[in-house]
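The values are calculated or read from the model by the stated rules, or taken from the named source; none is laboratory data. If you're wondering where the values come from, they're calculated on a predicted model, not measured in any experiment. Please note: Cβ atoms are built from the backbone with ideal geometry, for glycine as well, and neighbour counts cover all protein chains shown.
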Amino acid sequence: MQEEDPGTVRPQPSGTAAKSSERAGPALKKGKRSGDIMVGRGNWRQRLRLWSGLILFTFCLSHFSNHALGIISFEAMDRASIWHYWVWRSPLGETVLILAALTHVLLALWRTSKRRTLKISRWEFLQLALGLYIPWLLIPHVTTTMGVAKEFGFLPVYEQMLTLLWPNAAVNQSILLLVVWTHAMIGLHFFLRLYPAYQRLKPLAAGFAFAMPVLAIWGWIEGARRLALSREVTLRITPEQQLWASDVVVQFRAVVFGFIAVSLLAILIRYLLGLKARSLTVVYPGGLTVKAHPGATLLEISRMNDVPVASVCGGRARCSTCRVKMISGGESLPKPGPAESAVLTRIGAGQNIRLACQVRPENNVEVQPLVPVKASAILSEHLKDAYYWGVEQDVVVMFVDLRNFTGITESQLAYDVVYLLNSYLDQASTAIADEGGYVDKFIGDGIMAIFGMESSVEIGARQALAACRRIEMVMKTLDKEKGPQFRDPIRLGIGLHLGPAILGRIGAAGAQGKRDSLTALGDVVNTASRLETENKNHGSFLVVSKEVVAAAGARIDGAEEAEIKVRGKEIPLQILAVKSLDGLHLGDAVSA
């Protein structure tokens, strides 16, 4: 199995929204936050499976919370169970619970049977394995609490159930609780991870996820132990009734696991047929070509051939992270269904952008994955790294240069020169990193940095301007501390511009997947370098294109407005030349 979760992946809102749907980050609609990747809700089967799962989770939460009261006393958990059973054993509650369970199980088996491969992420595989194991443990419990109750009038109150379970069945019951809860938490994680609020509350959610099963197991075992020590309980279930329950358990397990076996057999049959009849070709960046059988989704084809394609929502058409650009063959694909259309419309995607989890190619296609994937730590081949292929998205590029470096260092000791240069580079690069930027490279006494690689271009623009303000403080500090041997003042110049860039790992280091080999290519880099040199003409500290300021929702008081002619551009570039960033106002236009 391959870990295919992207590392800090978000759809990339663009400062040039009209063009970005053809590039790597289709723009989100106006008013949507950049971190909001909850762009779809899936098809009706996925929504039904989700809601049935949420009903089952609500029941489990109520039931397990009731168990936890056993830590206080058996009487506390027994009194609280009255309310639990009032809701879930009422005609309406019981009907809803049974329908939710049947719906969730049948849809899960349907989805499993439709798979073409079990090469899925570790978390998805764990969720699937636990889901298939739950019936084995749960059927005996349900047969006693509902089957015997319906057939013989047995009341499954805590006094009876704890006496039945303690101590012989304590281990199995605790394992059942852990398996059900873990399965539910994985499902909730896949669903909630699409919401920015969940990312902020993740530590609290993790604490809740670990605490609840501990409290529930502790509670029911403590309640059972206290009950056994305090009173003699007469079981109201006879050996004959227990024998009847055992027979029903065998029958139900046979039916359920027969369905499971059929679902898994369907996957095996499709896989074996696919080996004999691979009649289409999928071409990935870098000339990687794989053969596949029609009927599988592009995401499944990629996974079967160990080609990493991001899928935050697990292939449920709730996010856009598996989006790909159809280089060729897209015209032969079926039109997007309702779920895929909702996602593509929400992100403003172009006609040649599709979701890999929904596309089922019947003919040869060539595709370009658009979202970088965080590869497994043990897989170092460049095939596992989307940046090796090249990812195109809007970013903010910064160039920083030390003015008159030659004049400053003339007739100075080598030690003093190196110390000054290292101090400047260390402090400036730290300021860039602290504000969320990525230092691309050091060019002599200059620095090239990229902002917005792992966020929206609006956030990247704000981060870049904030980094400029910190670099200005670094310049003033260096000028005070440079020592009398350096007669000329320390002055820095910065150029900022935004636009589409190709992000990729270049050269031998890039082939090894090294993080520090990542660089940006494109016109935006050349323009940012040109703006940095423009500081000489204006006697300024920063020259920034108006596009950056507008994207950041910022205002710079006292800036000199100008326009320059950029080589290869017919329209002059509007810029601001800034001598001091004391007048910088970032405001709250874009949430960081």
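LEU492 meets each of the listed conditions (1) touching a residue at least 24 places away in the same chain (Cβ under 8 Å); (2) of a type outside the set (Lys, Arg); (3) out of contact with any strand residue (DSSP E or B) (no Cβ under 9 Å at 6 or more places or on another chain) apart from (3). Every condition in (1) modelled with pLDDT of 90 or more; (2) hydrophobic (A, V, I, L, M, F, W, C); (3) part of a loop (DSSP other than H, G, I, E, B) is met by VAL171 except one, and the failing one is (3). Inside segment 46-82, residues that are among the charged types (D, E, K, R) and within 30 Å of LEU109 (Cα to Cα) make up a count of 2. Inspect segment 290-313 for any residue being part of a strand (DSSP E or B) and without any contact (Cβ under 8 Å) to a residue 24 or more places away in the chain and give the result as yes or no. Yes. In segment 315-324, the condition of being among the basic types (Lys, Arg), in a helix (DSSP H, G or I) and either without any contact (Cβ under 8 Å) to a residue 12 or more places away in the chain or in contact with a strand residue (DSSP E or B) (Cβ under 8 Å, 6 or more places away or on another chain) (or both) is met by no residue. Of all residues in segment 221-253, those satisfying the criterion of being more than 17 Å from THR144 (Cα to Cα) and either assigned to a helix (DSSP H, G or I) or touching a Pro at 6+ places or on another chain (Cβ under 7 Å) (or both) are ILE221, GLU222, GLY223, ALA224, ARG225, ARG226, LEU227, ALA228, LEU229, SER230. Of all residues in segment 332-368, those satisfying the criterion of being assigned to a loop (DSSP other than H, G, I, E, B), farther than 21 Å from VAL282 by Cα and within 23 Å of the chain's Cα centre (by Cα) are ILE347, GLY348, ALA349.
Inspect segment 180-192 for any residue being polar (S, T, N, Q), under 23 Å from LEU126 (Cβ atoms), at pLDDT 90 or above and in the same structural domain as PHE125 (by TED's automatic domain parsing) and give the result as yes or no. Walk me through it before giving the result.
The initial filter retains those residues of segment 180-192 that are polar (S, T, N, Q), namely 182.
Okay, now just the ones that are also under 23 Å from LEU126 (Cβ atoms), so 182.
Those still in the list that are at pLDDT 90 or above too: 182.
Adding the requirement that they be in the same structural domain as PHE125 (by TED's automatic domain parsing) leaves 182.
Looking through segment 180-192, at least one residue is polar (S, T, N, Q), under 23 Å from LEU126 (Cβ atoms), at pLDDT 90 or above and in the same structural domain as PHE125 (by TED's automatic domain parsing).
All of SER429, SER456 fail the test of being more than 23 Å from GLU392 (Cβ to Cβ), of a type in the set (Ser, Thr, Tyr) and under 28 Å from the mean Cα position of the chain (by Cα), apart from SER429. If only residues of segment 274-298 that are under 20 Å from LEU109 (Cβ atoms) and not polar (S, T, N, Q) are counted, the one that is modelled with the highest pLDDT is ALA296. Among the residues of segment 201-211, some residue qualifies, meaning at least one is in contact with a Lys or Arg (Cβ under 9 Å, 6 or more places away or on another chain) and assigned by TED's automatic domain parsing to the domain that holds ARG47.
Considering each residue of segment 85-129, count those that are over 25 Å from the mean Cα position of the chain (by Cα) and of a type in the set (A, V, I, L, M), and give that number.
12
Taking first residues from segment 388-409 that are within 24 Å of ALA431 (Cβ to Cβ) and modelled with pLDDT under 85 and partners that are part of a helix (DSSP H, G or I) and not acidic (Asp, Glu), the Cβ contacts under 7 Å between residues at least 6 apart in sequence or on separate chains come to THR409/VAL417.
The listed residues are ARG89, ARG79, ARG122, and the only one of them that is among the basic types (Lys, Arg), within 30 Å of ALA296 (Cβ to Cβ) and either surrounded by fewer than 19 Cβ atoms within 10 Å (Cβ to Cβ) or out of contact with any Gly (no Cβ under 6 Å at 6 or more places or on another chain) (or both) turns out to be ARG122. Within segment 527-582, the residues that satisfy the criterion of being in a helix (DSSP H, G or I), within 19 Å of MET473 (Cα to Cα) and under 37 Å from the mean Cα position of the chain (by Cα) are GLU532, LEU581. When we screen ARG111, ARG115 for residues that are on the phi < 0 side of the Ramachandran plot, surrounded by fewer than 17 Cβ atoms within 10 Å (Cβ to Cβ) and in the same structural domain as GLN46 (by TED's automatic domain parsing), the only hit is ARG111.
State yes or no: is GLY513 touching a helix residue (DSSP H, G or I) at 6+ places or on another chain (Cβ under 8 Å), at pLDDT below 90 and crowded, with 18+ Cβ neighbours inside 10 Å? For GLY513, the condition - touching a helix residue (DSSP H, G or I) at 6+ places or on another chain (Cβ under 8 Å), at pLDDT below 90 and crowded, with 18+ Cβ neighbours inside 10 Å - is met.
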